[in-house]
There are 2 protein chains.
Amino acid sequence: MTTGPGRPRLTSQRRPGRTTPEEILDAAGELFTTKGFAATSTREIADMVGIRQASLYHHFANKEEILVALLEETVSPALATARLLATVDAPAVVRLHALATYDVTQLTGTRWNLGALYLLPELRTERFAPFRAQRMRLRSHYQHYAEQALIEITGGDTEVVPGLTDLPFRIVESAIATRADVESGAVPVPESADAAALLADACLRALGWATPLDGIRARSRVLLAEMAGGTPRDLRPPRSDL
Amino acid sequence: MTTGPGRPRLTSQRRPGRTTPEEILDAAGELFTTKGFAATSTREIADMVGIRQASLYHHFANKEEILVALLEETVSPALATARLLATVDAPAVVRLHALATYDVTQLTGTRWNLGALYLLPELRTERFAPFRAQRMRLRSHYQHYAEQALIEITGGDTEVVPGLTDLPFRIVESAIATRADVESGAVPVPESADAAALLADACLRALGWATPLDGIRARSRVLLAEMAGGTPRDLRPPRSDL
């Protein structure tokens, strides 16, 4: 069994992941979300993976770098999807619904609730400025779609209330708090099979969408399925944009 | 100047607060939200207030007790308001709007963004079970009003989608993430003077409210003003309920 360029591993593989860095990220994801970032040492992460601390440092310079990589995972897939959706010919309400559905699915589908780390005070430091900027780029995509969706919904003759177009991004991220409450046992596991579509619906409702959403849901689902399939050439973004 | 039953203070008052415990809570609120709970010691809190560590222990047994008191402050005013609203004769949509408006105003109006502490892993321990239960009681009030509001909005002939009635609570708590983003400089200070009413509107929109909300806003405002005034006997809850 190879473990990449670090030292040979002490034991057989303990964590999910194809590579040692992936195993490190998985172990760190567990420790940061269940024990806390400040309370976790790189030593503990290495122990959990079953590698030497020196081997961990071969892949990540320090604990902050591990956190940066984990946080990046929570945003970059949605950001890529947002950019892909920008190239698709569909109404903004459908694209916003698709982005929200995809994003909630991501935020709730990972092994650890990494979005719960967004509020760490450590994230205000300079080292996390690139991540903060990345998350704000995602927010800008939401705002852009929300502005366009508002025009589609109201016919463009309503004044845009400041803060209104921020709601979809916030509604989507509320999935993080809900997941934390489910995992702590505070609230039961939701009965709804489609929590992502429910939040995506709420994004449009918040903007004033008043009629049934079945049609939007269906189109949003088709759009996401097409994109997941890789498919049509014109759905592919330029490489430099990802 | 008296400082209560602890030792005399070393210096003149440094923190806002009428009593030493209030000053301790204010200093801890700053340190927990800007430096982190795990990274803060009771020694640092005492230093910030300008009292001896032994004096701090006179008021709080340990750091966890300080966090419990801070968290309690974020929920108990809204919980009292929810109970008060239960005694008021008004449509559920108005009461839900009033509760959301009040709650957002509380969450965003305190000196420190204490709601950002909800996702701390430490909160999953037994010591915080009473707080978790308290926050879930508040969530139940939201769900109750949301169910009633749904009936008013749809005439009762729509099936209740699981998760739908959870949305208002989540939309209100999204104010915490927005505030964190504003304080970290990631997003500009909102132009809207009435962020609370905007989120309260979104709570009703998410449930399917389709027509203008000016009337609801006005009634919600009146209700909150009446309640703030202490006023009518029938608005007062039984003492045992608070």
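Calculated mean residue ellipticity, 222 nm, chain B: -19000 deg cm²/dmol, from DSSP H runs (n ≥ 4) at -39500 (n - 2.57) each, averaged per residue and rounded to 500.
A Förster radius of 25 Å combined with the Cβ-Cβ distance from A:R124 to B:E126 puts the calculated FRET efficiency at roughly 0.25. Helix A:92-109 axis versus longest C-alpha principal axis of chain A: approximately 20°, rounded to the nearest ten. Shielding by partners for peptide B:117-126, expressed as the average number of C-beta atoms from other protein chains within 10 Å of each residue's C-beta, is 5. With K and R counted +1 and D and E -1, the other residues having a Cβ less than 12 Å from that of A:E65 yield a net charge of 0. Helix A:195-206 against the longest principal axis of chain A: what's the angle in degrees, Cα atoms only, rounded to the nearest 10? The answer is roughly 40 degrees.
Using the Cα coordinates of region A:139-179, the gyration tensor eigenvalues translate into equivalent-ellipsoid semi-axes of 23, 9, 8 Å, sorted from longest to shortest. Here the Karplus relation 6.51 cos²θ - 1.76 cosθ + 1.60, evaluated at θ = phi - 60°, turns the backbone of region B:24-35 into coupling constants of 4, 5, 5, 5, 5, x, 5, 5, 5, 8, 9, 10 Hz, with x for every Gly and Pro. Phi angles across region A:69-81 convert, under the Karplus curve 6.51 cos²θ - 1.76 cosθ + 1.60 with θ = phi - 60°, into 3J(HN,Hα) values of 5, 5, 5, 4, 4, 7, 10, 5, x, 5, 5, 4, 5 Hz, Gly and Pro given as x.
Once both labels are positioned 7 Å from their Cα atoms along Cα-to-Cβ, the gap between A:E65 and A:Q148 label points is 3.9 nm. Shape of region B:70-237 from its Cα gyration tensor (a ≥ b ≥ c, root eigenvalues): rounded if a/c is under 1.5, otherwise prolate when a/b > b/c, or oblate? Cα axes put region B:70-237 in the rounded bin. Between helix A:214-228 and chain A there is an angle of about 40 degrees, using the helix long axis and the longest principal axis of the Cα atoms. Here the spin labels are modelled as points 7 Å beyond Cα on the Cα-Cβ line, and at A:D157 and B:E72 they lie 5.5 nm apart. Relative to the other identical copies, A:V182 shows label-point distances of 3.0 nm, where the label point lies 7 Å from Cα along the Cβ direction and values run shortest first.
The phi-based Karplus calculation (6.51 cos²θ - 1.76 cosθ + 1.60; θ = phi - 60°) puts the 3J(HN,Hα) values of region B:38-55 at 5, 7, 9, 9, 5, 4, 5, 4, 4, 4, 5, 7, x, 10, 6, 4, 4, 5 Hz, whole numbers, x for Gly and Pro. Using the empirical formula 2.2 N^0.38 Å as the baseline, the Cα radius of gyration of the protein assembly as shown reaches a ratio of 1.04.
Eigen-decomposition of the gyration tensor built on the alpha-carbon atoms of region A:1-113 gives equivalent ellipsoid semi-axes of 34, 15, 11 angstrom, largest listed first.
Taken together, the values in this text are just the output of simple stated rules run on the coordinates, not laboratory data. What you are looking at is a predicted structure, and each value in this text was computed from that prediction instead of being measured. All Cβ positions, even for glycine, are placed from backbone atoms using ideal geometry, and neighbour counts span all protein chains on display.
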